[in-house]
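What follows draws every value from the coordinates through simple rules; no lab data is involved. Predicted, not measured: the structure shown is a model, and the values here were computed from it. Please note: Cβ atoms are built from the backbone with ideal geometry, for glycine as well, and neighbour counts cover all protein chains shown.
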Amino acid sequence: MAEKRVESEIVRQKPDIREDIDGVKFHTLAPGITTHPLVRSGRPCIEGTTIMVMTIAGLQNFHNMDAQQIADHLWLELFMVQDALNYYADHKQYIDVCNELSSISGRQFAEAQYGTNPDSILYRRKSVT
């Protein structure tokens, strides 16, 4: 499912983004993939956007979308999605763990009843009195 795609004639245009935020520069992880501690908590994103590689991987794995469908759905260029899928193919274990961790916290909130104290949801502690 996570196979590496190679496009020979991709013309890459540098997105019009700020070089840094609060004096911290964006870090390029791979072609078209950047990270910054203040953007999506430092998770790998498509360059010039806040769309995480984790989102692209989720659309491919859980919704069975191909690269063109993902590009159309998220209003991205095809090469941007292919860059994200290439990064996912190289770092599959890391991205899958991030996906699992984010779904666990989401499930905890979904299972909680309305009006439940957030501390009990996050820590699952019983009060000792």
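Summary of computed values
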{"item": "Pairwise label distance in nanometres, Gln69 with Ala30, each label 7 Å out on the Cα-Cβ vector", "result": "2.1"}
{"item": "Burial ranking of peptide ranges 36-49, 63-76, 82-95 (average Cβ count within 10 Å, highest at the top)", "result": "82-95, 36-49, 63-76"}
{"item": "Amide H contacts of Gly48 (H built 1.01 Å from N, under 5 Å, at least 5 apart or other chain)", "result": "none"}
